Amino acid sequence: MLDVVKLRLTERKPSDFQRENWLFDHTVRWEKVGRIGWEELNGLEQQPESLWIDGYSTWGGLNNKIPVSRQDEVSGSLVLIRVDAVEIKGDGSGLFAHFDYMGRDYAINLTDPVYEEIMEAKGYRRHKLGESFITVSLGKEWHGYLFKFVAAIIERSELESGDRQ
């Protein structure tokens, strides 16, 4: 994470609302050309008014799913946002990232492998983070819903201390 790589893209491959999808040329080796820090992330920050459509929640989640019947109202499936704080909570059925964004509360399933490992290794049931960038992803239909996922968290204090690799 945070590596800047050079690769060759061959064609856009949007699928429904997942318009960000591209195919890359498997015959060309990826080249690491650098790393980005907090200031560079600021330039990539997106500021949507909400995380797609709110008002639909799972047990344990909050504003974390969208009925497939509303899929036509969705465009895009990835967003990089900045939040003041994140609390990760584990409840036996999975991990949820709890945060406030644009005045709305969210509890979204966490799939970031770094924080999954931290929570498991340290036996945490709760872990509070400060200012962070969060990559939120919207998955394909499953059981009549599109589910939101927190795919990655980059905490400012971890990045600036050099702990986040």
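Restricting attention to region 79-95, the residues that are in a strand (DSSP E or B) and closer than 15 Å to Glu120 by Cβ total 4.
Is it true that Ile53 is surrounded by 13 or more Cβ atoms within 10 Å (Cβ to Cβ), hydrophobic (A, V, I, L, M, F, W, C) and closer than 14 Å to Phe149 by Cα? Taking the combined requirement at face value, the residue satisfies it. Of all residues in region 152-165, those that are in a helix (DSSP H, G or I) have Cβ atoms under 6 Å from Cβ atoms of residues that are surrounded by fewer than 19 Cβ atoms within 10 Å (Cβ to Cβ) and modelled with pLDDT of 80 or more, 6 or more apart or on another chain, in Arg156/Trp38; Arg156/Glu131; Ser157/Gly130; Leu159/Trp38. Region 104-151 holds strands (runs of 3 or more DSSP E) entirely within its bounds, and those carrying 3 or more residues that are β-branched (Val, Ile, Thr) and surrounded by 13 or more Cβ atoms within 10 Å (Cβ to Cβ) map to 132-142.
Looking only at residues of region 1-35 that are closer than 27 Å to Leu95 by Cα and hydrophobic (A, V, I, L, M, F, W, C), we find that the one that is modelled with the lowest pLDDT is Phe17.
Glu116 fulfils the conditions (1) touching a Gly at 6+ places or on another chain (Cβ under 8 Å); (2) of a type in the set (D, E, K, R); (3) closer than 21 Å to Asp3 by Cβ except for a single criterion, (1). Within region 1-36, being under 27 Å from Gln71 (Cβ atoms), under 22 Å from the mean Cα position of the chain (by Cα) and assigned to a strand (DSSP E or B) holds for Arg12, Ser15, Gln18, Trp22, Leu23, Phe24.
The values are calculated or read from the model by the stated rules, or taken from the named source; none is laboratory data. Since this is a predicted model, take the numbers as computed values, not measurements. Reconstructed Cβ throughout: ideal geometry from the backbone, glycine too, with neighbour counts over all protein chains shown.
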